[in-house]
Every structure is written in C-alpha cells, then in structure tokens.
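To start, the structure itself, in structure tokens.
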Amino acid sequence: MWSYSFEVPSLIILCIVSLFYYGRPRIPIRKNRAFLLMVFSEVVTIILDMSATIADNQYVAYPVFLVNVLNMLYFEAYFVRAYVMYLFAASVLKGAPNDRVLTRNLIALPLYFGLFMAFLSAVAGSQRFPYVIYYVDRSGYHEGLLYDLLYVIGFFYILVALVTLFLFRKSLRRKREKYGILLYNLLIAVALVVRLSWPQYLIMDTIVLMAILIVFLAFENPEFYLDSRGNVFNRMGLSQHLEENIDSLRHFAVGMVIRNYDDIRDIYGSAQMEEGLALISRYLKQLFPRELIFYCRNGRYVIMIHPELRPVLEDKRLQIEERFSRPWKSQNAELYLSVAFATFEELRDVHSPEIMMSTMMRTLEMVGKTDTSEPFVVDEKNLHQAEKEKAIRQCIEKAIEEDGFELYLQPIVEGKTEKMIGAEALSRIRDAEGKIIMPGDFIPVAENTGRINELGELVFERACRFIQEEGLEKLGLSWINVNLSPVQFLRTDLAERFSAIVQKYGVNPAQIHLEITEEVMIDERFLQRQITSLCEKGFQFVLDDYGTGYSNLARLKRCPFINIKLDMSIVRDYCKEPDDILPNMIQAFKHMGFSVTAEGVENAEMVEAMRKIECDFLQGYHYAKPVPARELAQRIVSWGRG
C-alpha cells in the first residue's frame, strides 16, 4: 500500500504559488515559459501520481485497463517532468546545449526512451514479459525489471543540468542564480534518493515542490522585474527582454523621459516624485494596455509598440503631451512636469542587447536635457556609435589588464628662447588592428565606465618611470605635466597614492606638474583641500584649458597654481582677431604670480603673436606633435636644445 497524504498539501501549495505568479505581469521570455511548463508538469504529475496510487491501492474496484492507463500516464508525466527540470536550467544559461538542435535532440533521447518504455509497459508488460517499467494484471500493479529506469533518467537530467551550469556559469550575473540552479537540482536528487529508499511514501513530489519554490525565489519572483510604483516593468526587465527578444525591436520602441529629472526631483523631493511616477506609470498602462512598458530609473520609460499601433502612435504621443500640460495630482503630490520622446526605428538584430540598452538609456538621458518638441529618432548611425564605444571599452579593459597603454609626450618650449623646457604626458591605446585610438575617443568612455582612475594612475606611473630611466636633467627638461581627470581628482586617497608612486621610482615630486581643468573648481572647498594635500607631498599644479569653464580671477587667486594654460580656442581667436582682452588677462595672471602657457600654437605667426603678449611657454604642432616618450628622448637633441 502507498500513502499519498503528502500529495494533497503539496498540490494546494503549488496552486497558491501558481495563482500568485499568474496574477502578476510577466515578461514573455524563455525562462518564464520554462517555469510555467515546470509548474504545469508538476501539477499533472501530482494528480496522476495520486490517481494511479488510488487505482493501485484499490485495483479490485477498477478495470485493469484503467489502472494500466493511469500508471502509464503517470510514468510519462514523471519522465517529462525530469526533462522539464533540466530544461529550466538550459533556458537560464546562455549558450547552453539546448540552443543547438542536434544537442537538444541528443539530450532528449532518454526522455523519448522513457516515454516509449512507459507505453510499452502498458501495452506489453506482463508476468511473462517483465522487461518493462511496470505491468498490471488481475493481481494488481507490479514493478518490472526496468523499474530503475526512473532513477537512471532522473539522475541523468540532474547530471546534465549541473554540467551545463558548470560550463556556462559565467553567463549568470548573480550568485543567487548560480546557487538556485545548484540547489534545486540537488533537491531533486534528494527526492530521487528518498523515493528509492522509501517507495511506499509519496514524498518525492513534495521535495520537488521545494525545488520549484527555490526556482521561484531565485528566478521567477515577478517583483524582480516589476517597478514598485506601478504595474510596469523595470530596467532589469528591459535588459532581459532585449537579451532574448531582440528581434522584436524590428517592431517599434518608444522612449519617454521627464525633462531635467534630477533638478525636478530636487525641487519636489523624493516622496512627491515617487507618487508622481506611480501616477505616470498607471496612466501609460491605461494608454498602452497591451504593450510592454519599462521604467528605467531617472524618469525614463521605454514602451515596446506592436506594429499595428504605429499609425496612431503620433496621436498617442500628443495625448501624453496634453496630459503633461496639466499637473499630476494625488493626495500628497502636485507636480508640473514636461517630457521628451525618442523613437527607435526598426532596429536590426545585428546589434547586441547591450548596445541596444546603452543606446536607449544614453539617448533618453540626452533628450531629457533638451527643449525640442519633436521626438529624437535613433537610427543605425547611433547604434554604430555605441558599437564603436563598446569596442573602445574592450580596448581599454585589455590595455589595463595587459599594461598596453603607451606614454606619449608633447614638448613645451620657453617663449623667449623657444628652447624645450618641459613636456606634457599623454596616453595612447591601440585597437584590435593596432591603430591608435585618440584620447578624445577613449577618455570619455573611460570616465563613463569608471576606469579613468586606473588609466590616470598608469599614465602617472609611466611618467615617473620615464623620469627615473631617462633623467630630466640629462634631457634638459625641468618638468613633465600629467593630466588629472575630474573623476580622478575626486579620489580622497590621491595624495597618498601619488606619493607612494614617486617614492617607488625615486622621483622628485616637483618634477611633475599636475594639470587640472576648470571643471574641478565647482566645489571650491574640496578643491582647496585636495590641492593642499597634494602640495604638501611636493606636487605643483597647473590650470589646464583656461577659458572653457567656471574659474574667475578671484577664485584663481585663492589657488596655488604655478601656471595657467590658455585653451587653444582662446589662442586661435586672438590670433585671428587681436584685441586687448587676452594681453590684459595675461598681465593680470603675471601680477598674481602665475606663468602662462599658450596651447595650440600651430605656425610661426601664432608663435610671434604669443611672444608679443608675453606668454612664458608655448605648446603646439608648430614645435611637435605628441610622440612616444622614448622617441622624444632620442630626438630631443635635434629639436634645438641649443
């Protein structure tokens, strides 16, 4: 006799989980479909297990045919469930074997064999032919000689799932997902052992239910992909949708962003803004009831539009603009907002989901700072730019990992004698084909990806190594300028790190001038504190690109700069149309104790103009383009050191 007392509560719990899951919005992706199949197969297996057990326990009361069919259906459901449990792991792991037809069919062979043997057991199983899983006769249900096939196939799919996890574990970005797959498969293994040890108790389905609950908690909780403010999906949901359904972008995607979101949030406060976003999300859900809507933080929405809505899309946009012309009111909030739009036109699937996602987010951030009323159209050109930035990002990563940055130097000469007195350190990296990537291309990418600190420190260390190996005095140079990015300047341990590097190479800090731009001068209190800590370590500061930012003479007077570098745009403007402004400015700098460097000097006429207004130092292509540091050391004698 078999006891099925565990089956009824297991079925009830499974139904409750299913109702909760079905009651929340879901993204149409493969793993969600696999989970639904997992739940369905477990429900069917439990029901058939109970039905077959009742028929087996009371076989006298039922026709042999019915008992036979119920057992066949149960074993077939059992084999399907074993395969579906593996299938979920394959659906989560990118590049898993199930993505290839041949491998998928090979892995499914045990399933097909199990289904065939269950059918054969019902058709031909008997005391005379016991080479089956089971057979039923007038004396009731009997195990066949191949009954252990249940365990062989069950453990086979557990093993395949675990091997797949090991091989493709890097495709999972979260530890809970890796542990989730491992744990639910181990639980199924425990269930098989329990069934093998105590076959009279139908506990296996209860343990499998625990495995399904682990899958739900690790992967399928709808709250993972839902924004908390309304029944719209979040950025993680959009990322998952793009990864699996990138072809759907052939349809249409519309982006909407609240203009100047950060400033607006500061004005209204977090609480009111959260209520406003909830109102907006509900409104969009009403306007697009059948479409997938994603809220991607910072006031950004992305809506996946079905092609049939394209003719009325402009009307929908005008409806949204009309709604935003009125305040968003709730019991605790009243917000006046405006929005901008972007459309993503029939984007081809040759681009990666990562490129799609980054392009969407960057575009919405950009249009959110504009006042244009027309939607910004994102096309292949924008995506190719994102592809280029991705390639640059990979080159940066490779250069950091393999120490692939190259140190270049551009000479700085004295204005009066035109003799080289210093140089500016610049970094260069190469692409996959060995071509130079210019700083204007890779530095913004390094700043956006957070690698600018490592890059800046590498350049600083390379400059120190160059000074140690070549000797500035031997080259007739007094200093080397090294640029600090605004992001790097924010490091609170910058003075300690730079001091440790100069000590490592035995370099005098006074031989390195740190260039900062006017952008870092916004927070004057932090600026003073950071400069003071570095000056105490022996470093000196140069203000780079003067005339493009926030500084004024009063603020400059409070900063211990030794040199002001005029931005090349100011130099060029003066050379085209001379006036009294720049000469007077230079005299003011000199009166304050600053020397002056003119950047972007490209010809003899510009040299003469800058010398007349008493610029102390000159830098530009007229003297030399940036060249590899070793090359500069070799050629320095021929550049007129006198």
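Each of ILE207, PHE233, VAL194 was scored by the projection of its Cα onto the charge dipole of region 170-325, and the greatest displacement toward the positive side belongs to VAL194; charges sit on the C-beta of Lys, Arg, Asp and Glu. Accessible surface calculations at 1.4 Å, restricted to protein heavy atoms, place region 396-494 at 43 Å² per residue.
Selection among HIS622, LEU582, ALA633 by position relative to the dipole of region 525-642 gives ALA633 as farthest towards the positive end (Cβ unit charges, Cα centre).
Packing order of peptides 173-185, 427-439, highest average first: 173-185, 427-439 (average count of other Cβ atoms within 10 Å over each peptide's residues). Projecting the Cα atoms of VAL413, ALA423, LEU167 onto the charge dipole of the chain (Cβ charges, centred on the Cα centre) puts LEU167 farthest toward the positive pole.
Placing one equal scatterer on every Cα of region 400-532 and applying the Debye formula, the log10 ratio I(q)/I(0) at q = 0.12, 0.15, 0.21 Å⁻¹ is -0.51, -0.80, -1.38.
Enter the accessible area per residue of region 41-134 (Å², integer; probe 1.4 Å; all protein chains in place). Write out the running numbers ahead of the final one.
Numbers: 4080 Å² over 94 residues.
Accessible area per residue, region 41-134: 43 Å².
A straight Cα-to-Cα reach below 18 Å connects LYS316 with the aspartates and glutamates GLU291, GLU308, GLU345, GLU374, residues fewer than 8 places away in its own chain not being considered. Taking the centroid of alpha carbons for each part, region 414-474 and region 119-197 are 62 Å apart. Shown for region 232-361: the carbon plus sulfur share of the solvent-accessible area, taken with all protein chains present and a 1.4 angstrom probe, equals 48%. Membrane-span-like helices in the chain (whole DSSP H runs, Cα extent of at least 20 Å along the helix axis, mean Kyte-Doolittle hydropathy of at least 1.6): 7-22, 101-124, 149-167. Each principal axis of the Cα cloud of region 463-579 was evaluated for its coordinate range; sorted largest first, these ranges are 46, 35, 22 Å.
Every pair of different Cα atoms in the chain enters the Kirkwood calculation, which places the hydrodynamic radius at 30.7 Å. With all pairs of different C-alpha atoms in the average, the Kirkwood value for the hydrodynamic radius of region 35-111 is 13.9 Å.
Counting only residues at least eight positions apart within a chain, or on another chain, the lysines with an alpha carbon under 29 Å from that of LYS388 are LYS94, LYS170, LYS369, LYS398, LYS435, LYS625. For the chain, the 222 nm mean residue ellipticity estimated from helices alone, with every DSSP H stretch of n ≥ 4 adding -39500 (n - 2.57) and the total spread over all residues, rounds to -17000 deg cm²/dmol.
Structure shown: which of LYS474/LYS504; LYS390/LYS504; LYS576/LYS612 lie over 25 Å apart, alpha-carbon to alpha-carbon? As for pairs spanning more than 25 Å Cα to Cα, those are LYS390/LYS504.
Under the convention that each Lys and Arg Cβ holds +1 and each Asp and Glu Cβ holds -1, the size of the dipole of region 471-518 around its Cα centre is about 180 debye. In this structure, the residue pairs whose Cα-Cα separation is over 25 Å, taken from LYS31/LYS175; LYS416/LYS565; LYS419/LYS557, are LYS419/LYS557.
At 1.4 Å probe size, with the rest of the protein present, what percent of the exposed accessible area of region 490-545 is carbon and sulfur atoms? For region 490-545, the apolar C and S fraction of the accessible surface comes to 47 percent. What you get for the chain, charging only the Cβ of Lys and Arg (+1) and of Asp and Glu (-1), is a dipole of about 1260 debye around the Cα centre. Across the alpha-carbon set of region 162-231, the Rg to Rh ratio works out to 1.11, Rh being the Kirkwood radius. Of all beta bridges that DSSP places with both ends in the chain, some 55 percent have antiparallel geometry.
Ranked highest first by the average count of other Cβ atoms within 10 Å around their residues, in what order do 234-241, 161-168, 265-272 fall? Working shown, then result.
Working: 234-241: 20.8, 161-168: 17.1, 265-272: 13.2.
The densest-packed peptide leads the list: 234-241, 161-168, 265-272.
For region 140-222, the solvent-accessible area of protein heavy atoms averages 47 Å² per residue (probe radius 1.4 Å; ligands and nucleic acids excluded).
In debye, nearest 20, what is the charge dipole magnitude of region 543-620 about its Cα centre with +1 on Lys and Arg Cβ and -1 on Asp and Glu Cβ, if you could check? The partial results should precede the final answer.
On the way: 9 positive and 13 negative charges, 90 e Å.
Around 440 debye, computed over region 543-620.
The values are calculated or read from the model by the stated rules, or taken from the named source; none is laboratory data. In this text, all values refer to a predicted model and were calculated from it rather than measured experimentally. Heads up, the Cβs are rebuilt from the backbone with ideal geometry, glycines too, and the neighbour counts pull from every protein chain shown. Heavy atoms of the whole protein, side chains included, go into the accessibility calculation; ligands, DNA and RNA do not. Shrake-Rupley method; radii C 1.70, N 1.55, O 1.52, S 1.80 Å.
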